[in-house]
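Take a look at the structure set out below.
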Amino acid sequence: MPEKVVIIGSGPAGWTAAIYAARANLEPLVFEGAAIEENRLAGTLPLGQLALTTEVENYPGFPAGDLSGFLTSSLEEEHHYLADMHEKKGVSGPELMHLMRKQATNFGARVITDDIVEVDFEAEPFQLKALGGQETEAHTVIIATGASANYLGMESEERFKNNGVSACAVCDGALPRFRNQPLIVVGGGDSAVEEADYLSKFGSTVHLVHRRDELRASKIMQQRAFDNPKIDIVWSHVPDEVLGNDADGVTGVRLRSTKDDSTREIDATGFFLAIGHTPNTKFLAGKLDINEKGYLCWTNPPRTNTSALGVFAAGDVSDDYYRQAVTAAGTGCAAALDAERYLAAKGL
Ligand code: NAP
């Protein structure tokens, strides 16, 4: 029997779609992603980008404060991240994702920890193939595969990946090699400031390298950077080369001024990228309409329909503009309702 609804992805969009589809008795099947090293390096492990962040301050319903009683009663012990947090400021990204996952499975959503790597949306029902070989048929599919962190693409950056170069401060920041050492974060958005702030708990100084002389980050995050004595903002520079050797990994970076092309070197044991994201749509190339930046296109906004009838898109994979947890959850809800109405219209 084909599945009524298959959801690909496990961030806020995927779990919200699963909660709504399960409550509508559509028995959704969620492919939450494969827990493999390749996905760890690419930032596409199950639970998505929120699983790579610290405190979440702007998700409605989770104010700053001590939520430990609620969280410990709602989550399995291995998902209590409270002890890891330096000050209890509210819910953490991983906790929020485990709560959403639990809410979906409580309503009967089934979960497979694997990636979908092949799709056929011309077949009826749709055919999906997972990395582990499992083949699944589905009447509707909701794509909520999110986006993953960008790298600059320098050869030296590639050479020192896992040896001082990282695109996830929260995953790697606590490693011994970064303790009490100067560190570099590249970028000027909210992620860059958040990562610099987080890394300042471990490093001696965090040089926040930005290509312009004004941050893109929201005002509140900018203030956080300006107020943190351990963050040094290096304006109007871009990395030219990551410096290091095989034994020590990263030892510094050569920066180039975007104003006059002059170069300078800074010592650092860590080089962290926070320069935006690319949507996870590679496996959909040629199967659905994708815009010039790689995002899935909605054919009839605000409906979540894609170019294949019965296939819907939600969350960051189809949003290069808002990219918030709550907007992803909102479009996840919309996609589940769209799928439900599509199935009802077809009498399925
Ligand atoms: P972003 O807002 O797109 O910022 C990317 C930053 O990287 C920009 O400052 C950009 O510089 C810089 N950059 C891009 N390509 C570069 C390159 N090749 N070389 C050097 N610098 C480069 O991405 P984000 O910070 O990941 O944020 C994404 C979304 O998530 C945003 O909507 C943000 O508000 C949200 N977010 C919110 C929070 C929070 O509220 N706490 C935390 C994290 C993320 P330019 O400024 O010059 O373009």
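The values are calculated or read from the model by the stated rules, or taken from the named source; none is laboratory data. In this text, all values refer to a predicted model and were calculated from it rather than measured experimentally. Because the Cβ atoms are built from the backbone with ideal geometry, glycine has one as well, and the counts that use them run over all protein chains shown. Just so you know, the surface numbers come from the protein's heavy atoms only, side chains and all, with ligands and any DNA or RNA stripped out. Shrake-Rupley method; radii C 1.70, N 1.55, O 1.52, S 1.80 Å.
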Discussion item. If I filter region 222-237 for residues that are among the aliphatic types (A, V, I, L, M), under 24 Å from the mean Cα position of the chain (by Cα) and within 8 Å of the ligand (Cβ to nearest atom), do I get at least one hit?
Written reply: no
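Yes or no, residue by residue, for (1) surrounded by 24 or more Cβ atoms within 10 Å (Cβ to Cβ); (2) assigned to a loop (DSSP other than H, G, I, E, B):
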{"site": "283", "(1), (2)": "no, no"}
{"site": "288", "(1), (2)": "no, yes"}
{"site": "294", "(1), (2)": "no, yes"}
{"site": "301", "(1), (2)": "no, yes"}
{"site": "308", "(1), (2)": "no, yes"}
{"site": "316", "(1), (2)": "yes, no"}
{"site": "323", "(1), (2)": "no, yes"}
Item to complete: Tell me which of these residue 340 doesn't satisfy, since it passes every other one: (1) assigned to a helix (DSSP H, G or I); (2) open to solvent by less than 60 Å² (accessible area, probe 1.4 Å).
Response: (2)
Worksheet item: Restricting the search to region 197-221, which residues are surrounded by fewer than 18 Cβ atoms within 10 Å (Cβ to Cβ) and either assigned to a helix (DSSP H, G or I) or touching a helix residue (DSSP H, G or I) at 6+ places or on another chain (Cβ under 7 Å) (or both)?
Response: 218, 219, 220
Discussion item. Suppose we keep only residues that are touching a helix residue (DSSP H, G or I) at 6+ places or on another chain (Cβ under 8 Å) and in a strand (DSSP E or B) within region 163-186. Which one would you say is nearest to residue 247 (Cα to Cα)?
Written reply: 165
Item to complete: Go through the residues of region 82-96 one by one and say whether even a single one is closer than 26 Å to residue 334 by Cβ and in contact with a strand residue (DSSP E or B) (Cβ under 6 Å, 6 or more places away or on another chain).
Response: no
Discussion item. If the requirement is being farther than 12 Å from residue 273 by Cα, of a type in the set (A, V, I, L, M) and over 22 Å from the mean Cα position of the chain (by Cα), which of these qualifies: 144, 130, 123?
Written reply: 123
Worksheet entry | Members of region 75-90 found to be assigned to a helix (DSSP H, G or I) and either at pLDDT 65 or above or assigned by TED's automatic domain parsing to the domain that holds residue 202 (or both), listed by number | 77, 78, 79, 82
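Would you say residue 164 is farther than 20 Å from residue 49 by Cβ and open to solvent by less than 70 Å² (accessible area, probe 1.4 Å)?
Numbers: farther than 20 Å from residue 49 by Cβ: yes; open to solvent by less than 70 Å² (accessible area, probe 1.4 Å): yes.
Considered against the rule, which asks whether it is farther than 20 Å from residue 49 by Cβ and open to solvent by less than 70 Å² (accessible area, probe 1.4 Å), residue 164 comes out as yes.
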Practice prompt. Taking the options 304, 278, name whichever one is polar (S, T, N, Q), modelled with pLDDT under 95 and under 16 Å from residue 144 (Cα atoms).
Written response: 278
Practice prompt. May I ask you to list the residues in region 44-58 that are away from the ligand (no atom under 11 Å from the Cβ) and over 18 Å from residue 199 (Cα atoms)?
Written response: 44, 45, 46, 47, 48
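Please return the ranges of helices (runs of 4 or more DSSP H) entirely within region 1-74 where 1 or more residues are at pLDDT 95 or above and either crowded, with 22+ Cβ neighbours inside 10 Å or outside the structural domain of residue 143 (by TED's automatic domain parsing) (or both).
Here the list reads 12-23.
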Fill in: Identity of the residue in region 152-161, open to solvent by 50 Å² or more (accessible area, probe 1.4 Å) and either more than 19 Å from the chain's Cα centre (by Cα) or not hydrophobic (A, V, I, L, M, F, W, C) (or both), that ends up nearest to the ligand (Cβ to nearest atom)
153
Worksheet item: Can you spot a residue in region 227-246 that is part of a helix (DSSP H, G or I) and out of contact with any strand residue (DSSP E or B) (no Cβ under 7 Å at 6 or more places or on another chain)?
Response: yes
Item to complete: With respect to residue 101, determine if the residue is assigned by TED's automatic domain parsing to the domain that holds residue 313 and either under 22 Å from the mean Cα position of the chain (by Cα) or under 30 Å from residue 249 (Cα atoms) (or both).
Response: yes
Discussion item. Going by what's in this entry, would residue 271 be described as touching a residue at least 40 places away in the same chain (Cβ under 8 Å), under 30 Å from residue 34 (Cα atoms) and not in a strand (DSSP E or B)?
Written reply: no
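Here's the yes/no breakdown for (1) over 13 Å from residue 272 (Cα atoms); (2) modelled with pLDDT of 95 or more; (3) more than 9 Å from the ligand (Cβ to nearest atom); (4) of a type in the set (A, V, I, L, M, F, W, C):
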site: 150; (1), (2), (3), (4): no, no, no, no
site: 163; (1), (2), (3), (4): no, no, yes, no
site: 170; (1), (2), (3), (4): no, no, yes, yes
site: 184; (1), (2), (3), (4): no, yes, yes, yes
site: 192; (1), (2), (3), (4): no, yes, no, yes
site: 196; (1), (2), (3), (4): no, yes, yes, yes
site: 207; (1), (2), (3), (4): no, yes, yes, no
site: 213; (1), (2), (3), (4): yes, yes, yes, no
